[in-house]
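Chemist: Below you will find the structure I want to go over with you.
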Amino acid sequence: MSRILLGVTGGIAAYKAADLASRLVKDGFGVDVVMTKSACAFIAPLTFQTIVRGPVYTDTFAPVSDYSVEHISLAKRADLVLVAPATANVIGKLANGIADDLLTTVLMAAWRKPCVICPAMNTAMYENPMVQENLRKLRERGYAVIEPEAGRLACGDEGLGRLADTGIIAAFAKKLTAQS
Ligand SMILES: Cc1cc2nc3c(=O)[nH]c(=O)nc-3n(C[C@H](O)[C@H](O)[C@H](O)COP(=O)(O)O)c2cc1C
């Protein structure tokens, strides 16, 4: 069974990551969920815990029961890393080598693993040259980026920035793990 590390960040599309986690479980993946603090403001860890039938990781410094160094063991056991939704903030941190919470620390340790970034944000944020520059940097470093879709955004604006369809993300994960 392949293991996917699903990173969930603090955007309005965080609730869609629950559907993605559910699809991945149905597809037979083991799923470890790492949420940023902001993601927990949008959706409760309990939702993911129930879907993946396992603990959800949110804190670099949480006491551990098995004495493993969590951010390293999570990175080691992942066959694939998915960040969905990926905020402008996490994209920026990853592209610039910042590891100041559990998710970005795991991402730093998992750089040899295939990693898929699924941006989701307001159109103006997505079109910001800084965000585009960070995405370009990540692509150049071998990260796959699943482009967001155009449509009506939660803030009422119309344009690019909606999280890619979770079925498309799950199918991409299947394809990548079948190759590895
Ligand atoms: C209601 C609301 C919706 C937000 N939606 C998004 C979003 O879709 N994408 C994004 O990049 N940031 C969004 N943000 C901003 C992030 O939550 C903020 O940048 C936060 O620091 C991200 O933290 P994280 O990257 O550690 O999860 C939103 C903020 C609020 C209050």
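Chemist: Can you work out which of the residues in segment 126-140 that are in a helix (DSSP H, G or I) and among the polar types (S, T, N, Q) is surrounded by the fewest Cβ atoms within 10 Å (Cβ to Cβ)?
Modeler: Checked segment 126-140; the qualifying residue surrounded by the fewest Cβ atoms within 10 Å (Cβ to Cβ) is 132.
Chemist: Sticking with this one: Identify, by number, the condition in (1) part of a helix (DSSP H, G or I); (2) modelled with pLDDT of 95 or more; (3) out of contact with any Phe, Trp or Tyr (no Cβ under 9 Å at 6 or more places or on another chain) that residue 97 doesn't meet.
Modeler: (1)
Chemist: Looking only at residues in segment 8-52 that are touching a residue at least 24 places away in the same chain (Cβ under 8 Å) and among the basic types (Lys, Arg), which one is surrounded by the most Cβ atoms within 10 Å (Cβ to Cβ)?
Modeler: 16
Chemist: Of all residues in segment 152-180, count the ones that are surrounded by 12 or more Cβ atoms within 10 Å (Cβ to Cβ), over 15 Å from the mean Cα position of the chain (by Cα) and in a strand (DSSP E or B).
Modeler: Within segment 152-180, residues that are surrounded by 12 or more Cβ atoms within 10 Å (Cβ to Cβ), over 15 Å from the mean Cα position of the chain (by Cα) and in a strand (DSSP E or B) number 3.
Chemist: Kindly provide the set of residues from segment 111-125 that are crowded, with 21+ Cβ neighbours inside 10 Å and outside any strand (DSSP E or B), ordered by number.
Modeler: Those that are crowded, with 21+ Cβ neighbours inside 10 Å and outside any strand (DSSP E or B): 120, 121.
Chemist: Taking only segment 95-125 into account, find how many residues are within 13 Å of the ligand (Cβ to nearest atom) and of a type in the set (Gly, Ala, Ser).
Modeler: Of the residues in that region, 4 qualify.
Chemist: Within segment 78-94, count every residue that is part of a loop (DSSP other than H, G, I, E, B) and away from the ligand (no atom under 16 Å from the Cβ).
Modeler: Total satisfying the criteria: 2.
The values are calculated or read from the model by the stated rules, or taken from the named source; none is laboratory data. Just so we're clear, the structure is a prediction, and the values are computed from it rather than from any experiment. All Cβ positions, glycine included, derive from the backbone under ideal geometry; neighbour counts span all protein chains shown.
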